[in-house]
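See below for the structure under consideration.
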Amino acid sequence: MNVEETIAAVATPPGRGGIAVIRISGPQVQQAMFAVLNKKLMPRAALFCDFLDENQEVMDQGIALFFPAPASFTGEDVLELQGHGGPVIADHLLRRLFLLGIRLAKPGEFTERAFLNNKMDLIQAESVADLINASSLQAACAALHSLQGDFSRLIYRLVESLIELRVYIEAALDFPEEEIDFLKEPILIEKTKNLIQELEMILSQAKQGVLLQEGMTVVIAGHPNAGKSTLLNALSKKDVAIVTDIPGTTRDVLRQEIQIEGLPVHIVDTAGLRLSQDKIEQEGVRRAKEEIKKADQLLWIVDITKKEKEMPAFDFEYTAPLTIVYNKIDLIGEKQKILNLGNRTEIYLSAKLNLGMDLLQTYLKNAVGYVGDEGKFTARTRHIFALKQAQINLKQALFFLKEENHGELIAEELRHAQQHLNGITGEFSNEDLLGRIFSSFCVGK
(Lines give C-alpha, C1' and ligand atoms only; values in the text may rest on other atoms or scores of the structure.)
Protein backbone atom coordinates (compact mmCIF):
# COMPACT_ATOMS: atom_id res chain seq x y z
CA MET A 1 0.00 0.00 0.00
CA ASN A 2 1.26 3.45 -0.95
CA VAL A 3 -0.04 5.83 1.72
CA GLU A 4 1.24 8.76 -0.33
CA GLU A 5 -1.65 8.16 -2.71
CA THR A 6 -5.08 9.62 -2.11
CA ILE A 7 -7.98 7.19 -2.38
CA ALA A 8 -11.72 7.57 -2.90
CA ALA A 9 -14.74 5.27 -3.04
CA VAL A 10 -18.48 5.24 -2.61
CA ALA A 11 -19.07 4.22 1.02
CA THR A 12 -22.80 3.53 0.63
CA PRO A 13 -24.30 0.38 -0.95
CA PRO A 14 -24.53 0.30 -4.76
CA GLY A 15 -27.81 1.18 -6.45
CA ARG A 16 -30.34 3.96 -6.00
CA GLY A 17 -31.01 5.50 -2.60
CA GLY A 18 -31.62 8.71 -0.74
CA ILE A 19 -27.94 9.65 -0.57
CA ALA A 20 -24.57 8.40 -1.80
CA VAL A 21 -21.53 9.05 0.39
CA ILE A 22 -18.14 9.37 -1.23
CA ARG A 23 -15.16 9.09 1.10
CA ILE A 24 -11.73 10.53 0.20
CA SER A 25 -8.57 10.02 2.27
CA GLY A 26 -4.94 11.04 1.79
CA PRO A 27 -2.61 13.96 1.18
CA GLN A 28 -4.60 15.39 -1.78
CA VAL A 29 -7.82 15.85 0.18
CA GLN A 30 -7.47 19.62 0.52
CA GLN A 31 -6.66 19.95 -3.18
CA ALA A 32 -9.82 17.95 -3.95
CA MET A 33 -11.79 20.17 -1.56
CA PHE A 34 -10.85 23.34 -3.43
CA ALA A 35 -11.34 21.73 -6.86
CA VAL A 36 -14.78 20.20 -6.19
CA LEU A 37 -16.21 22.68 -3.66
CA ASN A 38 -14.24 25.83 -4.46
CA LYS A 39 -13.98 26.61 -0.76
CA LYS A 40 -12.22 25.61 2.43
CA LEU A 41 -14.27 23.75 5.02
CA MET A 42 -14.12 24.11 8.77
CA PRO A 43 -13.08 20.86 10.50
CA ARG A 44 -15.98 18.56 11.43
CA ALA A 45 -18.64 21.10 10.38
CA ALA A 46 -21.29 19.98 7.90
CA LEU A 47 -21.83 22.43 5.04
CA PHE A 48 -24.41 22.29 2.25
CA CYS A 49 -22.70 23.24 -1.01
CA ASP A 50 -22.40 22.68 -4.76
CA PHE A 51 -20.21 19.89 -6.18
CA LEU A 52 -18.39 21.23 -9.26
CA ASP A 53 -17.04 19.39 -12.30
CA GLU A 54 -13.80 20.23 -14.14
CA ASN A 55 -15.60 23.09 -15.99
CA GLN A 56 -16.84 24.54 -12.68
CA GLU A 57 -20.37 23.49 -13.59
CA VAL A 58 -22.62 22.21 -10.79
CA MET A 59 -22.98 18.42 -11.09
CA ASP A 60 -24.71 17.85 -7.74
CA GLN A 61 -25.50 19.43 -4.40
CA GLY A 62 -25.10 17.96 -0.95
CA ILE A 63 -23.35 17.93 2.41
CA ALA A 64 -19.54 18.12 2.73
CA LEU A 65 -17.56 17.19 5.85
CA PHE A 66 -13.83 17.62 6.42
CA PHE A 67 -11.85 15.69 9.06
CA PRO A 68 -8.22 16.88 9.27
CA ALA A 69 -5.46 14.47 10.24
CA PRO A 70 -4.90 12.90 12.67
CA ALA A 71 -8.45 13.25 14.07
CA SER A 72 -10.15 11.14 11.40
CA PHE A 73 -11.11 7.53 10.79
CA THR A 74 -7.97 6.78 8.78
CA GLY A 75 -5.64 9.17 10.63
CA GLU A 76 -5.22 11.11 7.36
CA ASP A 77 -7.10 14.10 5.96
CA VAL A 78 -10.58 12.81 5.10
CA LEU A 79 -13.32 14.44 3.06
CA GLU A 80 -16.86 13.04 2.84
CA LEU A 81 -19.27 14.19 0.13
CA GLN A 82 -22.92 13.27 0.68
CA GLY A 83 -24.78 13.70 -2.57
CA HIS A 84 -27.93 12.32 -4.16
CA GLY A 85 -28.10 8.54 -4.27
CA GLY A 86 -28.22 7.85 -8.00
CA PRO A 87 -25.33 5.71 -9.28
CA VAL A 88 -24.79 7.95 -12.31
CA ILE A 89 -24.25 11.00 -10.09
CA ALA A 90 -21.89 9.12 -7.76
CA ASP A 91 -19.87 7.75 -10.69
CA HIS A 92 -19.65 11.23 -12.22
CA LEU A 93 -18.30 12.64 -8.96
CA LEU A 94 -15.77 9.80 -8.69
CA ARG A 95 -14.53 10.46 -12.23
CA ARG A 96 -14.04 14.09 -11.24
CA LEU A 97 -11.79 12.98 -8.39
CA PHE A 98 -9.88 10.57 -10.62
CA LEU A 99 -9.02 13.46 -12.94
CA LEU A 100 -7.28 15.06 -9.95
CA GLY A 101 -4.97 12.05 -9.61
CA ILE A 102 -6.97 10.36 -6.88
CA ARG A 103 -7.42 6.61 -7.34
CA LEU A 104 -10.21 4.17 -6.47
CA ALA A 105 -9.77 2.57 -3.06
CA LYS A 106 -9.29 -1.16 -2.77
CA PRO A 107 -11.64 -3.23 -0.57
CA GLY A 108 -11.01 -2.39 3.08
CA GLU A 109 -8.30 0.15 2.30
CA PHE A 110 -9.74 2.92 4.49
CA THR A 111 -9.81 0.59 7.50
CA GLU A 112 -6.35 -0.75 6.63
CA ARG A 113 -4.99 2.79 6.66
CA ALA A 114 -6.63 3.33 10.05
CA PHE A 115 -4.79 0.24 11.29
CA LEU A 116 -1.45 1.28 9.79
CA ASN A 117 -1.83 4.77 11.28
CA ASN A 118 -2.47 3.28 14.75
CA LYS A 119 -6.06 4.47 14.91
CA MET A 120 -7.10 0.93 15.81
CA ASP A 121 -5.50 -2.47 16.24
CA LEU A 122 -6.16 -5.47 14.01
CA ILE A 123 -8.91 -6.89 16.23
CA GLN A 124 -10.79 -3.59 16.06
CA ALA A 125 -10.25 -3.37 12.31
CA GLU A 126 -11.73 -6.83 11.82
CA SER A 127 -14.67 -5.96 14.06
CA VAL A 128 -15.62 -3.16 11.66
CA ALA A 129 -16.43 -5.79 9.04
CA ASP A 130 -18.01 -8.03 11.69
CA LEU A 131 -20.34 -5.23 12.73
CA ILE A 132 -21.40 -4.58 9.14
CA ASN A 133 -21.95 -8.29 8.44
CA ALA A 134 -23.61 -9.16 11.77
CA SER A 135 -26.62 -11.43 11.20
CA SER A 136 -28.14 -11.02 14.67
CA LEU A 137 -28.49 -8.32 17.31
CA GLN A 138 -26.26 -10.33 19.64
CA ALA A 139 -23.55 -10.54 16.97
CA ALA A 140 -23.80 -6.80 16.31
CA CYS A 141 -23.48 -5.98 20.04
CA ALA A 142 -20.50 -8.34 20.36
CA ALA A 143 -18.81 -6.78 17.31
CA LEU A 144 -19.33 -3.33 18.83
CA HIS A 145 -17.64 -4.51 22.05
CA SER A 146 -14.67 -5.66 19.96
CA LEU A 147 -14.60 -2.35 18.10
CA GLN A 148 -14.54 -0.53 21.43
CA GLY A 149 -11.50 -2.59 22.46
CA ASP A 150 -12.90 -5.16 24.92
CA PHE A 151 -11.14 -8.12 23.28
CA SER A 152 -7.96 -6.12 22.67
CA ARG A 153 -7.67 -5.08 26.30
CA LEU A 154 -7.74 -8.71 27.41
CA ILE A 155 -4.93 -9.56 25.00
CA TYR A 156 -2.84 -6.52 25.98
CA ARG A 157 -3.22 -7.36 29.67
CA LEU A 158 -2.14 -10.93 29.01
CA VAL A 159 0.87 -9.76 27.01
CA GLU A 160 1.90 -7.38 29.79
CA SER A 161 1.88 -10.22 32.32
CA LEU A 162 3.82 -12.36 29.87
CA ILE A 163 6.43 -9.63 29.36
CA GLU A 164 6.93 -9.37 33.14
CA LEU A 165 7.60 -13.10 33.28
CA ARG A 166 9.96 -12.91 30.30
CA VAL A 167 11.93 -10.09 31.90
CA TYR A 168 12.44 -12.16 35.03
CA ILE A 169 13.54 -15.23 33.04
CA GLU A 170 15.87 -13.23 30.79
CA ALA A 171 17.44 -11.53 33.83
CA ALA A 172 18.13 -14.94 35.38
CA LEU A 173 19.83 -16.02 32.17
CA ASP A 174 21.93 -12.85 32.04
CA PHE A 175 23.44 -13.47 35.46
CA PRO A 176 24.32 -17.17 35.57
CA GLU A 177 27.21 -16.58 37.96
CA GLU A 178 24.84 -15.73 40.81
CA GLU A 179 24.68 -18.42 43.50
CA ILE A 180 20.88 -18.25 43.71
CA ASP A 181 19.02 -20.14 40.97
CA PHE A 182 16.23 -17.71 40.18
CA LEU A 183 14.56 -20.22 37.83
CA LYS A 184 13.68 -22.42 40.80
CA GLU A 185 11.62 -19.70 42.45
CA PRO A 186 8.07 -21.06 43.11
CA ILE A 187 6.61 -17.71 42.09
CA LEU A 188 7.61 -18.40 38.45
CA ILE A 189 5.53 -21.56 38.33
CA GLU A 190 2.63 -19.73 39.96
CA LYS A 191 2.85 -16.81 37.48
CA THR A 192 2.97 -19.20 34.52
CA LYS A 193 -0.06 -21.11 35.82
CA ASN A 194 -1.94 -17.83 36.21
CA LEU A 195 -1.05 -16.88 32.64
CA ILE A 196 -2.38 -20.20 31.34
CA GLN A 197 -5.57 -19.81 33.36
CA GLU A 198 -6.14 -16.28 32.09
CA LEU A 199 -5.46 -17.35 28.50
CA GLU A 200 -7.94 -20.22 28.78
CA MET A 201 -10.60 -17.82 30.01
CA ILE A 202 -10.00 -15.57 26.99
CA LEU A 203 -10.02 -18.61 24.70
CA SER A 204 -13.40 -19.70 26.04
CA GLN A 205 -14.89 -16.25 25.40
CA ALA A 206 -13.27 -16.07 21.95
CA LYS A 207 -14.90 -19.37 20.97
CA GLN A 208 -18.28 -17.81 21.77
CA GLY A 209 -17.27 -14.82 19.66
CA VAL A 210 -16.47 -17.06 16.69
CA LEU A 211 -19.88 -18.73 17.00
CA LEU A 212 -21.59 -15.34 17.01
CA GLN A 213 -19.66 -14.24 13.96
CA GLU A 214 -19.52 -17.41 11.86
CA GLY A 215 -22.37 -19.49 13.25
CA MET A 216 -22.57 -23.17 12.41
CA THR A 217 -23.61 -25.14 9.35
CA VAL A 218 -26.23 -27.85 9.84
CA VAL A 219 -26.74 -30.24 6.93
CA ILE A 220 -30.02 -32.16 6.68
CA ALA A 221 -29.55 -35.50 4.93
CA GLY A 222 -31.40 -38.77 4.56
CA HIS A 223 -33.29 -40.97 2.12
CA PRO A 224 -36.09 -39.56 -0.07
CA ASN A 225 -39.39 -38.71 1.62
CA ALA A 226 -37.99 -38.81 5.15
CA GLY A 227 -39.20 -35.25 5.78
CA LYS A 228 -35.99 -33.29 5.21
CA SER A 229 -37.65 -30.37 3.44
CA THR A 230 -40.47 -30.32 5.99
CA LEU A 231 -37.85 -30.02 8.70
CA LEU A 232 -36.16 -27.15 6.83
CA ASN A 233 -39.51 -25.34 6.63
CA ALA A 234 -40.20 -25.98 10.31
CA LEU A 235 -36.80 -24.62 11.37
CA SER A 236 -37.15 -21.62 9.04
CA LYS A 237 -40.79 -21.06 10.04
CA LYS A 238 -41.70 -20.48 6.41
CA ASP A 239 -42.19 -22.44 3.19
CA VAL A 240 -38.67 -22.41 1.84
CA ALA A 241 -38.79 -25.85 0.18
CA ILE A 242 -41.43 -27.60 -1.90
CA VAL A 243 -42.88 -30.57 0.00
CA THR A 244 -44.68 -33.44 -1.78
CA ASP A 245 -45.11 -37.17 -1.26
CA ILE A 246 -43.19 -37.83 -4.48
CA PRO A 247 -39.69 -39.23 -3.74
CA GLY A 248 -36.87 -37.05 -5.06
CA THR A 249 -38.74 -33.74 -4.99
CA THR A 250 -35.65 -31.93 -3.73
CA ARG A 251 -32.90 -32.27 -6.34
CA ASP A 252 -30.67 -29.37 -5.47
CA VAL A 253 -29.17 -27.82 -2.35
CA LEU A 254 -31.42 -25.40 -0.46
CA ARG A 255 -29.98 -22.97 2.08
CA GLN A 256 -31.61 -20.96 4.79
CA GLU A 257 -30.20 -19.00 7.72
CA ILE A 258 -31.97 -18.99 11.06
CA GLN A 259 -31.06 -17.81 14.56
CA ILE A 260 -31.21 -19.75 17.80
CA GLU A 261 -30.99 -17.21 20.63
CA GLY A 262 -28.68 -15.06 18.50
CA LEU A 263 -26.58 -17.95 17.18
CA PRO A 264 -26.52 -17.89 13.34
CA VAL A 265 -27.34 -21.35 12.02
CA HIS A 266 -26.88 -22.07 8.32
CA ILE A 267 -29.34 -24.83 7.42
CA VAL A 268 -28.58 -26.86 4.27
CA ASP A 269 -31.29 -29.15 2.89
CA THR A 270 -30.05 -31.80 0.47
CA ALA A 271 -31.44 -34.24 -2.07
CA GLY A 272 -32.45 -37.66 -0.79
CA LEU A 273 -29.60 -40.16 -1.00
CA ARG A 274 -30.44 -43.15 -3.15
CA LEU A 275 -29.36 -44.88 -6.37
CA SER A 276 -31.09 -43.38 -9.37
CA GLN A 277 -30.90 -43.52 -13.15
CA ASP A 278 -32.07 -39.91 -13.37
CA LYS A 279 -29.06 -37.73 -14.24
CA ILE A 280 -30.55 -34.69 -12.50
CA GLU A 281 -31.14 -36.65 -9.33
CA GLN A 282 -27.64 -38.14 -9.55
CA GLU A 283 -26.20 -34.62 -9.61
CA GLY A 284 -28.37 -33.72 -6.62
CA VAL A 285 -26.99 -36.69 -4.69
CA ARG A 286 -23.43 -35.72 -5.62
CA ARG A 287 -24.00 -32.18 -4.35
CA ALA A 288 -25.58 -33.52 -1.18
CA LYS A 289 -22.48 -35.59 -0.42
CA GLU A 290 -20.28 -32.54 -0.97
CA GLU A 291 -22.34 -30.50 1.52
CA ILE A 292 -22.20 -33.34 4.06
CA LYS A 293 -18.39 -33.12 4.01
CA LYS A 294 -18.55 -29.43 5.02
CA ALA A 295 -21.12 -29.75 7.82
CA ASP A 296 -20.53 -28.70 11.43
CA GLN A 297 -23.53 -30.80 12.46
CA LEU A 298 -25.12 -33.58 10.41
CA LEU A 299 -28.79 -34.45 10.89
CA TRP A 300 -29.76 -37.81 9.36
CA ILE A 301 -33.54 -37.76 9.00
CA VAL A 302 -35.37 -41.08 9.33
CA ASP A 303 -39.05 -41.74 8.61
CA ILE A 304 -39.87 -43.54 11.84
CA THR A 305 -42.55 -45.59 10.08
CA LYS A 306 -39.75 -47.10 7.94
CA LYS A 307 -37.12 -47.17 10.66
CA GLU A 308 -35.34 -50.35 9.64
CA LYS A 309 -35.12 -49.35 5.97
CA GLU A 310 -33.90 -45.78 6.42
CA MET A 311 -30.92 -46.00 8.76
CA PRO A 312 -27.85 -44.47 7.11
CA ALA A 313 -25.70 -46.84 5.09
CA PHE A 314 -22.73 -44.48 5.66
CA ASP A 315 -21.68 -44.68 2.02
CA PHE A 316 -20.57 -41.04 2.15
CA GLU A 317 -17.76 -39.13 3.81
CA TYR A 318 -18.45 -37.01 6.86
CA THR A 319 -16.55 -35.62 9.82
CA ALA A 320 -19.30 -33.72 11.66
CA PRO A 321 -21.13 -35.17 14.68
CA LEU A 322 -24.02 -37.31 13.44
CA THR A 323 -27.48 -36.99 14.97
CA ILE A 324 -30.31 -39.35 14.04
CA VAL A 325 -33.64 -37.52 13.81
CA TYR A 326 -36.68 -39.81 13.83
CA ASN A 327 -39.38 -37.84 12.06
CA LYS A 328 -43.19 -38.35 11.76
CA ILE A 329 -43.64 -39.56 15.36
CA ASP A 330 -47.28 -38.42 15.17
CA LEU A 331 -48.01 -41.32 12.77
CA ILE A 332 -47.20 -43.99 15.36
CA GLY A 333 -48.03 -42.14 18.58
CA GLU A 334 -44.41 -41.85 19.73
CA LYS A 335 -43.50 -39.11 22.21
CA GLN A 336 -41.09 -36.29 21.47
CA LYS A 337 -37.78 -36.99 23.21
CA ILE A 338 -34.02 -36.90 22.95
CA LEU A 339 -31.73 -39.83 23.75
CA ASN A 340 -27.99 -39.61 24.33
CA LEU A 341 -26.55 -43.03 23.49
CA GLY A 342 -22.88 -42.29 23.94
CA ASN A 343 -21.68 -42.62 20.37
CA ARG A 344 -24.67 -40.76 18.93
CA THR A 345 -27.77 -38.76 19.78
CA GLU A 346 -31.33 -39.60 18.70
CA ILE A 347 -34.12 -37.02 18.56
CA TYR A 348 -37.78 -37.98 18.09
CA LEU A 349 -40.01 -35.29 16.57
CA SER A 350 -42.65 -34.39 14.03
CA ALA A 351 -41.53 -31.56 11.76
CA LYS A 352 -45.00 -31.34 10.22
CA LEU A 353 -46.75 -30.78 13.56
CA ASN A 354 -43.83 -28.86 15.14
CA LEU A 355 -43.45 -31.46 17.90
CA GLY A 356 -39.98 -31.69 19.41
CA MET A 357 -38.58 -28.77 17.42
CA ASP A 358 -37.61 -26.98 20.62
CA LEU A 359 -35.63 -30.08 21.65
CA LEU A 360 -33.76 -30.01 18.35
CA GLN A 361 -32.93 -26.30 18.54
CA THR A 362 -31.71 -26.56 22.14
CA TYR A 363 -29.61 -29.57 21.18
CA LEU A 364 -27.99 -27.73 18.25
CA LYS A 365 -27.17 -24.75 20.47
CA ASN A 366 -25.65 -26.96 23.17
CA ALA A 367 -23.78 -29.14 20.67
CA VAL A 368 -21.42 -26.29 19.80
CA GLY A 369 -21.19 -24.94 23.34
CA TYR A 370 -23.12 -21.74 22.68
CA VAL A 371 -24.03 -19.92 25.89
CA GLY A 372 -25.92 -16.93 24.48
CA ASP A 373 -25.58 -13.71 26.43
CA GLU A 374 -22.13 -14.60 27.75
CA GLY A 375 -20.54 -13.82 24.37
CA LYS A 376 -18.85 -10.49 25.10
CA PHE A 377 -17.05 -9.88 21.79
CA THR A 378 -16.71 -11.30 18.31
CA ALA A 379 -13.65 -13.29 17.32
CA ARG A 380 -12.34 -15.15 14.31
CA THR A 381 -10.86 -18.55 13.64
CA ARG A 382 -7.37 -17.07 13.35
CA HIS A 383 -7.70 -15.67 16.89
CA ILE A 384 -8.59 -19.12 18.23
CA PHE A 385 -5.61 -20.66 16.43
CA ALA A 386 -3.21 -18.03 17.83
CA LEU A 387 -4.56 -18.43 21.37
CA LYS A 388 -4.21 -22.20 21.18
CA GLN A 389 -0.64 -21.91 19.93
CA ALA A 390 0.20 -19.53 22.77
CA GLN A 391 -1.43 -21.99 25.17
CA ILE A 392 0.83 -24.77 23.90
CA ASN A 393 3.91 -22.56 24.37
CA LEU A 394 2.94 -21.59 27.91
CA LYS A 395 2.26 -25.18 28.93
CA GLN A 396 5.61 -26.21 27.50
CA ALA A 397 7.30 -23.39 29.43
CA LEU A 398 5.58 -24.62 32.59
CA PHE A 399 6.86 -28.13 31.94
CA PHE A 400 10.43 -26.85 31.56
CA LEU A 401 10.08 -24.84 34.76
CA LYS A 402 8.86 -27.87 36.71
CA GLU A 403 10.94 -30.64 35.22
CA GLU A 404 13.84 -29.56 33.08
CA ASN A 405 14.70 -26.11 34.42
CA HIS A 406 16.31 -25.12 31.10
CA GLY A 407 16.23 -21.32 31.11
CA GLU A 408 16.90 -20.91 27.38
CA LEU A 409 14.04 -23.26 26.46
CA ILE A 410 11.67 -21.50 28.86
CA ALA A 411 12.58 -18.11 27.39
CA GLU A 412 12.08 -19.40 23.84
CA GLU A 413 8.61 -20.79 24.60
CA LEU A 414 7.56 -17.53 26.24
CA ARG A 415 8.87 -15.56 23.26
CA HIS A 416 6.81 -17.67 20.85
CA ALA A 417 3.73 -17.29 23.06
CA GLN A 418 4.06 -13.50 22.96
CA GLN A 419 4.56 -13.58 19.21
CA HIS A 420 1.28 -15.47 18.72
CA LEU A 421 -0.60 -13.05 20.98
CA ASN A 422 0.88 -10.01 19.22
CA GLY A 423 -0.30 -11.51 15.94
CA ILE A 424 -3.89 -11.25 17.18
CA THR A 425 -3.73 -7.48 17.66
CA GLY A 426 -1.48 -6.93 14.64
CA GLU A 427 1.67 -5.83 16.47
CA PHE A 428 3.35 -8.82 14.86
CA SER A 429 1.90 -9.52 11.41
CA ASN A 430 2.83 -10.00 7.77
CA GLU A 431 1.55 -8.46 4.56
CA ASP A 432 -0.12 -11.68 3.40
CA LEU A 433 -2.25 -11.81 6.56
CA LEU A 434 -3.26 -8.17 6.21
CA GLY A 435 -4.06 -8.72 2.54
CA ARG A 436 -6.38 -11.62 3.33
CA ILE A 437 -8.14 -9.75 6.11
CA PHE A 438 -8.79 -6.42 4.39
CA SER A 439 -9.60 -7.86 0.96
CA SER A 440 -12.76 -9.35 2.49
CA PHE A 441 -14.08 -5.85 3.34
CA CYS A 442 -16.43 -3.92 1.12
CA VAL A 443 -15.11 -1.08 -1.05
CA GLY A 444 -15.46 2.24 0.77
CA LYS A 445 -14.71 0.71 4.18
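The values are calculated or read from the model by the stated rules, or taken from the named source; none is laboratory data. Everything numeric in this text was worked out from a predicted model, so none of it was measured. A quick note on method: Cβ atoms are made from the backbone with ideal geometry, for glycine too, and the neighbour counts reach across all protein chains shown.
Comparison of ARG157, ARG96 shows that the only residue that is surrounded by 15 or more Cβ atoms within 10 Å (Cβ to Cβ) and among the basic types (Lys, Arg) is ARG96. In the range 1-51, the residue that is modelled with the lowest pLDDT out of those that are under 12 Å from ARG103 (Cα atoms) and of a type in the set (Asp, Glu) is GLU4.
I'm trying to understand the selection: among the residues of the range 345-362, which are among the aliphatic types (A, V, I, L, M) and surrounded by 17 or more Cβ atoms within 10 Å (Cβ to Cβ)? Selection gives ILE347, LEU349, ALA351, LEU355, MET357, LEU360. Pairs linking a residue in the range 28-51 that is assigned by TED's automatic domain parsing to the domain that holds PHE67 to a residue that is modelled with pLDDT of 95 or more and of a type in the set (Ser, Thr, Tyr), with Cβ atoms under 9 Å and 6 or more positions apart or on different chains, are GLN28/THR6; VAL29/THR6; GLN31/THR6; ALA32/THR6. Scanning the range 312-344 for residues that are loosely packed, with under 13 Cβ neighbours inside 10 Å, modelled with pLDDT under 90 and either touching a strand residue (DSSP E or B) at 6+ places or on another chain (Cβ under 7 Å) or in a helix (DSSP H, G or I) (or both) turns up just one, ARG344.
Of all residues being touching a residue at least 12 places away in the same chain (Cβ under 8 Å) and among the acidic types (Asp, Glu) in the range 388-415, which is farthest from ASN194 (Cα to Cα)? Just the residue, please. Among those residues, the one meeting the criterion is GLU408.
Does at least one position in the range 144-154 carry a residue that is under 27 Å from LYS191 (Cβ atoms) and outside any helix (DSSP H, G or I)? Yes: the range 144-154 contains one or more residues that are under 27 Å from LYS191 (Cβ atoms) and outside any helix (DSSP H, G or I). Please find, within the range 401-445, the residue that is farthest from the chain's Cα centre (by Cα) out of those that are modelled with pLDDT under 85 and β-branched (Val, Ile, Thr). Among them, the one singled out is VAL443.
Within the range 64-98, restricting attention to residues that are without any contact (Cβ under 8 Å) to a residue 40 or more places away in the chain and in contact with a strand residue (DSSP E or B) (Cβ under 7 Å, 6 or more places away or on another chain), the residue that is farthest from ILE22 (Cα to Cα) is PRO68.
Picking from residues in the range 272-285 that are touching a residue at least 24 places away in the same chain (Cβ under 8 Å) and assigned to a loop (DSSP other than H, G, I, E, B), the one that is surrounded by the fewest Cβ atoms within 10 Å (Cβ to Cβ) is ASP278. Looking at the structure I just gave you, is ILE155 closer than 27 Å to GLY423 by Cβ and modelled with pLDDT of 90 or more? Criteria met by ILE155.
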